[in-house]
């Protein structure tokens, strides 16, 4: 299902002052894509992938690679670090299931926020995921490079800065990492546009993501 804005997010924003709302910087089109298959099955561990359109593209191959080993769900969104709706959205949607592993990345959107703001708000994301998925193993995925820098948008310099900020925090917190950024840095030929990757690139990321999740899965239910 695709959700433009959850009811919970609307309720949260309704309680914000006008000044607070004016500080929220969004894209012209905001979107959320949610996929929770096998909702009534409980015989395998359950995995959640949190990310964006890049995550959405490699998700089917991850799900195929983990078939018979785990049930996979996804929350792909354009909501950015610094936007309180991201936290509300995740908390609301994650409450629908109990997850054993959460693989997450949210570094490609929100370029209207500075890296200092990214650093300041990143712990809120980690706290939200931990509360919503208590007991789950967490895996942070680094943000992938772009083929071409965009003015007032993603650039490889800013992506590298955000990855350093996130790596420092999650290393201190003992969070497992999945360095998709390093993986794709040497595969700029696999871009389908300036940001996204073609089927071969998505399959390559899916293989690494699935391997990192397999290492984190509980040994027995």
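Just so it is clear, none of the values below were taken in a lab; they were calculated from the coordinates. Keep in mind that what you see is a predicted model, and the values were worked out from it rather than measured. Cβ placement follows ideal geometry from the backbone for every residue including glycine, while neighbour counts extend to all protein chains displayed.
Summary table below
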| quantity | calculated |
| --- | --- |
| Simple label model, 7 Å out from Cα along Cβ direction - residue 53 to residue 219, nm | 4.3 nm |
| For the chain, built as a Gaussian network whose Cα springs stay under 10 Å, the top-fluctuating residue of 88, 157, 106 | 157 |
| Gain in span if fully extended, residue 192 to residue 38, counting 0.36 nm per residue against the direct Cα distance | 52.3 nm |
| Rounded if a/c under 1.5, otherwise prolate or oblate - the chain, Cα gyration tensor axes | oblate |
| Förster radius 22 Å - calculated FRET efficiency between residue 130 and residue 172 (Cβ-Cβ, nearest 0.05) | 0.95 |
| FRET efficiency, 1/(1 + (r/R0)^6) with R0 22 Å, evaluated for residue 114 and residue 185 via beta carbons | 0.40 |
| Euclidean distance of C-alpha centroids, segment 167-221 and segment 102-160, integer Å | 13 Å |
| The chain: relative contact order in percent, alpha carbon pairs under 8 Å with at least 6 residues between | 22 percent |
| Paramagnetic label zone (point 7 Å from Cα along Cα-to-C-beta, residue 199; backbone N under 18 Å) in segment 62-86 | 62-65 |
